[in-house]
Amino acid sequence: MANIVDDLIDVLWVKEIEKNVFLGKVQDLGLKHLFGGHVLAQALVAAAQTVEKDRFCHSLHGYFLRPGKNDEPIYYEVDLIRSGKSFTTRRVVAKQGGLAIFSMSASFHSLEPGFHHQTEKPSVPGPEGIMTELEQARKAKDMIAEQVRDKLTADRPIEIRIVDPVDPFHPHKRPPLKYSWFRTLYPMTCKDQIIHQAMLAYASDFGLATTALLPHGVTFFQPGTQVASLDHAMWFHRPFYLDGWMLYVKDSPSAAGSRGFNRGSIYTQDGVMVASVAQESLIRRQDHPKEGDPTKGLVS
């Protein structure tokens, strides 16, 4: 019997409609535009379908060029840049309405033995007993705009538990560092590493861009605040399965020029570092907020 995790896998697994061209479904998460992690994950799956089966993605670098639409399919064109003895490189362009909305380069590598080290997983409270992000949204549903309330409080395939969460409607200034636990809501029967990488790419975009807002006491729920991913890079260090708990450590070392720079490290619950993330995001504030705008007077 299908569940919402299987449904997400089906959405992310783009279908080849002609040589090196793939068609992707879209989903409406209640956001103004298409969720960036959605396009990132589908582009990775498209690229992977043109690569040797014994090679796995070790890095990807993507740029969000235009806002994606929630009601229009996406076409992914894959350019076979190079297939070498050890590494395979692909370039992907995602299009809607004939216009590019996203571009990505990805590199694939066969697993090899070699040197091994990693940073230690931070010591933070485990996921047990922490309220899920969905439970928090449902608790505050009366404060969510009616037109998106059902979408933002619907069941989700990725369960997220935030350590020391921010009140999205009454934030306070705090250091640009946050921790969250996440995993798929149900066990995944599919063990294809590319699917788990795609699911991780999808999940890695949740909550990353807003890390740069923490020192300013601002959230995207407040009028006058615009947040959008500009680019997204990932490095996959080791194989993993996303139906076990993952700790996502996010920090923002800099914000300037209406752009915030964010980094992430992802660990399994038992401390294995599986991926690193870097992203620059647009964090724009209106110069002249409307009367009563809670962002009035804030400096970002």
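The values are calculated or read from the model by the stated rules, or taken from the named source; none is laboratory data. This structure is a prediction, so every number in the text was calculated from the model and none was measured. Glycine gets a Cβ as well: all are built from the backbone with ideal geometry, and neighbour counts include every protein chain shown.
Has the stretch 113-123 got any residue that is among the hydrophobic types (A, V, I, L, M, F, W, C) and touching a strand residue (DSSP E or B) at 6+ places or on another chain (Cβ under 8 Å)? No: the stretch 113-123 contains no residue that is among the hydrophobic types (A, V, I, L, M, F, W, C) and touching a strand residue (DSSP E or B) at 6+ places or on another chain (Cβ under 8 Å). Regarding G84, is this residue free of Cβ contacts under 8 Å to residues at least 12 places away in the same chain and either crowded, with 22+ Cβ neighbours inside 10 Å or among the small types (G, A, S) (or both)? Yes: the conditions hold for G84. In this structure, K178 qualifies as in a strand (DSSP E or B) and among the basic types (K, R).
Here are T211, T268, T225: which of them is under 17 Å from F182 (Cα atoms), of a type in the set (V, I, T) and surrounded by 21 or more Cβ atoms within 10 Å (Cβ to Cβ)? Unique residue meeting the criteria: T211.
Residue by residue, here is whether (1) over 21 Å from the mean Cα position of the chain (by Cα); (2) in a strand (DSSP E or B); (3) among the aromatic types (F, W, Y) holds:
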residue: I17; (1), (2), (3): yes, yes, no
residue: A43; (1), (2), (3): no, no, no
residue: V51; (1), (2), (3): yes, no, no
residue: I81; (1), (2), (3): yes, yes, no
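The one condition from (1) out of contact with any helix residue (DSSP H, G or I) (no Cβ under 9 Å at 6 or more places or on another chain); (2) over 22 Å from Y63 (Cα atoms); (3) in a strand (DSSP E or B) that V274 does not meet is (1). Scanning the stretch 238-279 for residues that are free of Cβ contacts under 8 Å to residues at least 60 places away in the same chain, in contact with a Lys or Arg (Cβ under 9 Å, 6 or more places away or on another chain) and of a type in the set (A, V, I, L, M, F, W, C) yields L242, A278. Checked across the stretch 96-111, the condition of being at pLDDT below 90 and not in a strand (DSSP E or B) holds for at least one residue.
Every residue, every condition in (1) surrounded by fewer than 17 Cβ atoms within 10 Å (Cβ to Cβ); (2) touching a Cys at 6+ places or on another chain (Cβ under 8 Å); (3) not hydrophobic (A, V, I, L, M, F, W, C), yes or no:
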site: R90; (1), (2), (3): no, no, yes
site: A100; (1), (2), (3): yes, no, no
site: S105; (1), (2), (3): no, no, yes
site: Q118; (1), (2), (3): yes, no, yes
site: I130; (1), (2), (3): no, no, no
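Of all positions in the stretch 146-154, none carries a residue that is of a type in the set (A, V, I, L, M, F, W, C), touching a residue at least 12 places away in the same chain (Cβ under 8 Å) and crowded, with 20+ Cβ neighbours inside 10 Å.
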